[in-house]
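Report on the following structure.
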Protein chains: 4
Amino acid sequence: MVEVRRGRARSEVTRRAILAATRDELTAHGYDRLSIDRIAAAAGAGKQTVYRWYPSKVALVADCLLADRVFDGVAPVADTGDLVADLRVWLRAFAAQFDRPDTAAFIRAATAAAAESDQVAIRFYEQSTAAAETALAERLRAGEAAGQLKPGVAAATAQSLIGAMLYRLLTRQPVTAEFADQLVSALPVR
Amino acid sequence: MVEVRRGRARSEVTRRAILAATRDELTAHGYDRLSIDRIAAAAGAGKQTVYRWYPSKVALVADCLLADRVFDGVAPVADTGDLVADLRVWLRAFAAQFDRPDTAAFIRAATAAAAESDQVAIRFYEQSTAAAETALAERLRAGEAAGQLKPGVAAATAQSLIGAMLYRLLTRQPVTAEFADQLVSALPVR
Amino acid sequence: MVEVRRGRARSEVTRRAILAATRDELTAHGYDRLSIDRIAAAAGAGKQTVYRWYPSKVALVADCLLADRVFDGVAPVADTGDLVADLRVWLRAFAAQFDRPDTAAFIRAATAAAAESDQVAIRFYEQSTAAAETALAERLRAGEAAGQLKPGVAAATAQSLIGAMLYRLLTRQPVTAEFADQLVSALPVR
Amino acid sequence: MVEVRRGRARSEVTRRAILAATRDELTAHGYDRLSIDRIAAAAGAGKQTVYRWYPSKVALVADCLLADRVFDGVAPVADTGDLVADLRVWLRAFAAQFDRPDTAAFIRAATAAAAESDQVAIRFYEQSTAAAETALAERLRAGEAAGQLKPGVAAATAQSLIGAMLYRLLTRQPVTAEFADQLVSALPVR
DNA sequence: GAATAATCGAGACGGTACGTCTTGTCTTACT
DNA sequence: AGTAAGACAAGACGTACCGTCTCGATTATTC
């Protein structure tokens, strides 16, 4: 009893063009200036096609964040044995990312979307942010195991580090390498 | 050299009615469903009057949030000599505030507004968030002076603590007393 | 030299279903509310099939009108020798046709289609209206030959008679037997 | 107890611009290609303003026909005593009007609108067409009184003359001075 | 019987227009 | 000058159709 596919197949290519256009719109205008009309035009798609894939602006943004994830390509934190140096390298790279104007604009738009919608927020967390959190937490736990870090603080520390940078971003304070270094030096390492 | 006021005076009563209507709208529809038309009608005011007071939706919301200020009454962190205990008490109170549903909704609305507008972000930071940051940083510096905290980390630590709780709020994770305690125990105190 | 048809044959049954559905749509919604989507769905056909038979809405309507031809069965005008009586009989029958609500609706739809499209107009004229015109003109010319009618006016008179009834139809004035009689009595007969 | 006008007054200037744009659209694209978007843009008006004045396309077209009446400036038929000559002059002028491409296009659009809508049809008749009919009928009755025309045929004759030209227009046959002359010579004048 | 070819129902596609809603400005009469 | 009311230009919303294109399935004809 096979489900028969009828009619023309949906174009995955178009869907990706829509997501790419959404990303550009988010970066250029922010979340509440998103225009489905503009997205469709930029993607070379009809509006109906946008709505066929995504029933609402929120669903579109959620999938955009998932597909074009900023926190993507989050490398695992290297483990050279030197916890402080490893964290410093990783956090500096992360901060550099946050400090690029286009990435900053995109993260702010994503934050606005997450602030308005539980659905976006949870998806954003699970699909994007959690990866960075996990990468950090694993290296921190390794540090704990090696006796280089106060035990039992890995999870909270990981969220502190990411939260600190997000806070700087939202309050329009620069997210510099120096700030990243300060965060590392504020950790309870031995 | 007195500034002469001509014509009818602006009505402070009307301004408060506008803010009250905005608050109701925010509660009822959320930030991105705010309608100036509805606000004006609910406040019994003309739209022009709303725009005379507030040049944009964002400014209106900013003032509304300040009027109903969440971070208000941020107490200075007590200094009993026991840094860890003092931070624990203060952070628990702060976390409790963050975990109330209505306060959480307001902070999310404020975050959305701040994410979309540099102006709101800076104003929000200077008039709301910075107070908490300063309160924490002062106590931390006293701890540094007393040799209880690794020196030179007060500023970054204060931002980490607030950032961590904001991050939990935005990702819909509960901001519990336990989490507050974990943050404190992850500090480099002696 | 037979044209060889390969592949599946076109379904005449489907074509008739399309015309029937078009007729229903015209009756139900009028000319400018015609929807090819609805017609195809009602006929159980794909849209492409509709377009394979008819390149445009206008062609579809034209064929629909021809199939359900209003001016069909236009009898030649009888020639009993009494010109006035013959015209009276014929015009009364014609008027009766015009006065039926469903026929009137069809003619109005046809007129709308003809007003919008040269193609439909010419086709409609050649295949429908001209027959009535010719029938009238022939009898009028016979009358001229018999000295009963002012000579040289047959063609213009035929168009006047049909035009007069069409004008009444379009302006929502009833096309009665009395009107038909008045038209006849306004002719320059001896 | 006077009704107080509150708020900004409606702009009659804008309304006229909308009607003018509608007229241009009708002439250029025909009735069923009318686009409110285009009309609004051409009139330099917002769509809402169009809809504030006219609840539907049909109402807009109806008012457009009334305002920009084609049959307007219909002169009374001159009465020099020579019925045939008077009719000839008047009908030739009328035919010349019908034969101008832009007027022809506009009348066809009006006819399409009238064919689709009773409301437009009746308004079109009462406000435009009836004037020409009356002008003709009056001169014809004067001819009857003078014994120059078969008595009792004025009304039907007036409708025949107008109907004949409308019929030629709809079937894409030229409405020439010769045709006008033939119509006159087909009248039962003495 | 297998290969080829046109048609079929279905439905996604890029577009255009719909009629409604909201924004921020402007105008009016009243206070 | 400030106010409530509300018209205005602009433009986005989500829906309905347009005419085209793409599927897999269904008939025919030809080899």
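What follows is calculated from the coordinates using simple rules that are stated; it is not laboratory data. Computed from a predicted structure; not experimentally measured. So basically every Cβ, Gly included, is an ideal-geometry build from the backbone, and we count neighbours across all protein chains shown.
Taking all Cα pairs closer than 8 Å and separated by 6 or more residues, the relative contact order of chain A comes to 24 percent. Distances, shortest first, from the label point of A:GLY7 to those at the same position in the other copies read 2.3, 4.1, 5.8 nm; the point lies 7 Å along Cα to C-beta. For the range D:12-67, rounded, prolate or oblate, judged on the Cα gyration tensor with a ≥ b ≥ c (square roots of eigenvalues), a/c < 1.5 rounded, else prolate if a/b > b/c? Verdict is rounded for the range D:12-67. Shielding by partners for peptide A:110-123, expressed as the average number of C-beta atoms from other protein chains within 10 Å of each residue's C-beta, is 5.
Look at where the Cα atoms of the range A:94-147 and of the range D:1-34 average out, and the two centres are 54 Å apart. If you run the Gaussian network model on chain A, springs between alpha carbon atoms under 10 Å, then out of A:ALA146, A:ALA112, A:ALA59 the most flexible one is A:ALA146. For the options A:GLY30, A:GLY143, A:GLY81, a Gaussian network treatment of chain A with springs between C-alpha atoms closer than 10 Å singles out A:GLY81 as fluctuating the most.
Divide by every residue of the protein assembly as shown the summed helix terms, -39500 (n - 2.57) for each DSSP H run of at least 4, and state the resulting mean residue ellipticity at 222 nm, rounded to the nearest 500 deg cm²/dmol.
Details: 40 runs with 504 residues, N = 760.
So the helix-based figure for the protein assembly as shown works out to -21000 deg cm²/dmol.
For the residues C:THR134, C:THR80, C:THR22, a GNM of chain C with alpha-carbon springs under 10 Å puts the largest fluctuation on C:THR80. Shortest first, D:GLY81 label-point distances to identical copies amount to 4.4, 13.2, 13.4 nm, with the label point at 7 Å from Cα along Cα→Cβ. Computed from the C-alpha gyration tensor, the three semi-axes of the ellipsoid equivalent to the protein assembly as shown are 84, 32, 17 Å, from longest to shortest.
One residue of chain D places its C-beta nearer than any other to the axis carrying D onto A; that residue and its whole-Å distance are D:ASP37, 6.
Contact order normalised by length for the range B:12-67, with contacts defined as Cα pairs under 8 Å and 6 or more residues apart; what percent is it? Relative CO of the range B:12-67 lands at 42 percent. A Förster radius of 56 Å, combined with the Cβ-Cβ distance separating B:ASP37 from D:ALA130, puts the computed FRET efficiency at roughly 0.80. Across the range B:83-185, C-alpha contacts under 8 Å between residues 6 or more apart give a mean separation that, scaled by the residue count, equals a relative contact order of 44 percent.
Just checking the output field for C:45-55: average partner chain Cβ neighbours within 10 Å of each residue's Cβ? Don't jump to the answer; show the numbers that get you there.
Details: counts 0, 1, 0, 0, 0, 0, 0, 0, 0, 0, 0.
Per residue, the average neighbour count from other chains is 0.
Indicate the helices, whole DSSP H runs only, in chain C that combine a mean Kyte-Doolittle hydropathy of 0.0 or more with a Cα extent along their long axis of 20 angstrom or more.
Numbers: long enough: C:12-29 (25 Å, -0.32); C:83-99 (24 Å, 0.72); C:101-116 (23 Å, 0.45); C:130-145 (22 Å, -0.03); C:154-170 (24 Å, 1.14).
Taking the DSSP H segments of chain C (at least 20 Å long, mean hydropathy at least 0.0), we get C:83-99, C:101-116, C:154-170.
Each copy carries a label point for D:TYR51 at 7 Å from Cα along the beta-carbon vector; from one copy to the others these points are 1.5, 2.1, 3.0 nm apart, nearest first.
For chain A, the spherically averaged projection of the C-alpha convex hull amounts to 13.9 nm². Once the C-beta distance of A:GLU12 and B:THR103 is scaled by a Förster radius of 35 Å, the resulting FRET efficiency is 0.25 to the nearest 0.05. Taken over the range D:83-185, the convex hull of the Cα atoms encloses 91 Å³ per residue.
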